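Working notes for the structure below.
The values are calculated or read from the model by the stated rules, or taken from the named source; none is laboratory data. All values derive from a computational prediction rather than experimental measurement. Virtual Cβ from ideal backbone geometry, glycine too; neighbours counted across all protein chains shown.
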Amino acid sequence: MVRQEIPILMYHHVVPADKVSPLAPFAVSADLFSRQLTWLQLAGFHTVTLGEFFDLREAKKRCEKREKLLIITFDDCPANLLEHAVPELIRRGMTATFFAVAGKPGENNDWDRGEGAPEIPLMSSGDLKSLADGGFEIGSHGMSHANLRKCSPEQIRWELKESREILEDTIGRAVQFLAYPYGEYPEGYAGYCREAGYRGAVSIFSPVRTVTTDPYCMRRVLVHEGDNGMRFRFKMSRLYQRLRYYVDKRVLRADG
C-alpha cells in the first residue's frame with residue numbers, strides 16, 4: 001500500500017548562489033537544487049504531485065517495493081523558478097506542485113516588505129497556465145498571502161474560495177490543494193477547506209503523527225541552503241519524519 005509517511009519538500013526560491021543570502025532561509029542556490037535532485041534520483045525517489053498521491057492512496061494501489069514516493073512543492077511561485085528550477089525538473093522527468101498567490105500574478109512578494117526581503121517578481125497568469133499545460137500541478141496559496149490565523153471567518157472563506165476559482169479560470173484545470181501562507185492554519189481549518197472545495201492542504205507543522213494522515217494539515221520539510229550532503233539525506237529519512245512530530249508538538253504547544 002502507499003505509505004502515509006512520505007516526505008513533502010517545501011521550496012520557495014531557487015536562485016544563483018550570490019542571490020541566496022538576502023532570501024535566507026527561503027532560498028537555495030541553483031547548483032544545490034540540481035545536486036539535491038540528482039541525489040533524489042540516485043536514491044530511488046519517484047516524484048508525484050499531491051493529486052497523484054491522493055489518487056494512488058484512494059485507489060489503494062500497491063507501489064513497487066523499491067519505489068519511494070516524494071512530493072516536491074514550491075510556495076509563492078516566484079519567477080526565478082522558471083529559470084532555475086523548472087528546467088531541472090523537466091530534464092529529469094520529475095514533477096512538482098506549485099502554490100500561487102491568486103491575487104498577485106505578475107506582481108511581487110509585497111508581503112515580505114516588512115521583513116526587509118528584496119522584491120521578487122512573481123509568475124504571470126500565462127506562466128502558471130504554461131506550467132499546468134506542461135503537467136505540473138498548480139495549487140492555491142490564498143488570494144493575498146494573508147496569515148489565515150489572523151483573519152476573520154469571512155476573510156478565510158474569501159481567501160480560500162476566491163483564490164481557487166481564479167486559479168481554475170487561469171489554468172483551465174481543477175485546483176485541489178491549498179498551502180497555508182506562513183504555514184499557519186486557522187482553527188477549524190478542515191471545515192474551511194472542505195467548504196471551499198479543496199481536497200487537501202499542506203502546512204509546515206502538524207499535530208498528527210504521520211505526514212499525510214490529516215489531509216488538511218500535511219507536514220512539509222523546509223529545504224534551505226544549509227541542506228547539503230548528509231543533512232539533506234537525513235531530512236529525507238523516516239526517522240526525521242518521526243522526529244518532526246515530536247518537535248511539532250512542542251512548537252504547537254508553545255504557540256497555543
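Summary of values
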| item | result |
| --- | --- |
| Selection within region 170-181 - free of Cβ contacts under 8 Å to residues at least 60 places away in the same chain and among the small types (Gly, Ala, Ser) | GLY172, ALA174 |
| Sole exception among (1) more than 28 Å from SER124 (Cα to Cα); (2) at pLDDT 95 or above for GLY44, by number | (2) |
| Of all residues in region 1-39 being assigned to a loop (DSSP other than H, G, I, E, B) and β-branched (Val, Ile, Thr), the one that is farthest from HIS84 (Cα to Cα) | VAL2 |
| GLN36, sole failed condition from (1) modelled with pLDDT under 95; (2) out of contact with any His (no Cβ under 6 Å at 6 or more places or on another chain) | (1) |
| Scan of region 158-177 for residues that are buried (at least 18 other Cβ atoms within 10 Å of the Cβ) and under 11 Å from GLU137 (Cα atoms), ordered by number | ILE171, VAL175, GLN176, PHE177 |
| Total residues in region 86-102, condition over 14 Å from the mean Cα position of the chain (by Cα) and surrounded by 16 or more Cβ atoms within 10 Å (Cβ to Cβ) | 5 |
| Filtered residue count, region 199-225, keeping only those that are more than 12 Å from GLN36 (Cβ to Cβ), touching a residue at least 40 places away in the same chain (Cβ under 8 Å) and in contact with a Pro (Cβ under 9 Å, 6 or more places away or on another chain) | 5 |
| Top-ranked residue of region 109-147 - restricted to ones that are touching a Phe, Trp or Tyr at 6+ places or on another chain (Cβ under 9 Å) and on the phi > 0 side of the Ramachandran plot, ranked as surrounded by the fewest Cβ atoms within 10 Å (Cβ to Cβ) | HIS145 |
| Sole residue being surrounded by 17 or more Cβ atoms within 10 Å (Cβ to Cβ), without any contact (Cβ under 8 Å) to a residue 60 or more places away in the chain and not hydrophobic (A, V, I, L, M, F, W, C), chosen from GLU184, GLU195 | GLU184 |
| Residue match in region 179-188 (condition: within 16 Å of ASP75 (Cα to Cα) and in contact with a His (Cβ under 6 Å, 6 or more places away or on another chain)) | yes |
| The lone exception for GLU115 - which of (1) within 19 Å of HIS13 (Cα to Cα); (2) modelled with pLDDT of 95 or more it fails | (2) |
| Matching helices (runs of 4 or more DSSP H) fully within region 40-136 where at least 2 residues are in contact (Cβ under 8 Å) with a residue 60 or more places away in the chain | 50-58, 80-84 |
| Enumeration of residues in region 20-34 that are in contact (Cβ under 8 Å) with a residue 60 or more places away in the chain and either surrounded by fewer than 17 Cβ atoms within 10 Å (Cβ to Cβ) or not polar (S, T, N, Q) (or both) | VAL20, PRO22, LEU23, ALA24, PRO25, PHE26, ALA27, VAL28, LEU32 |
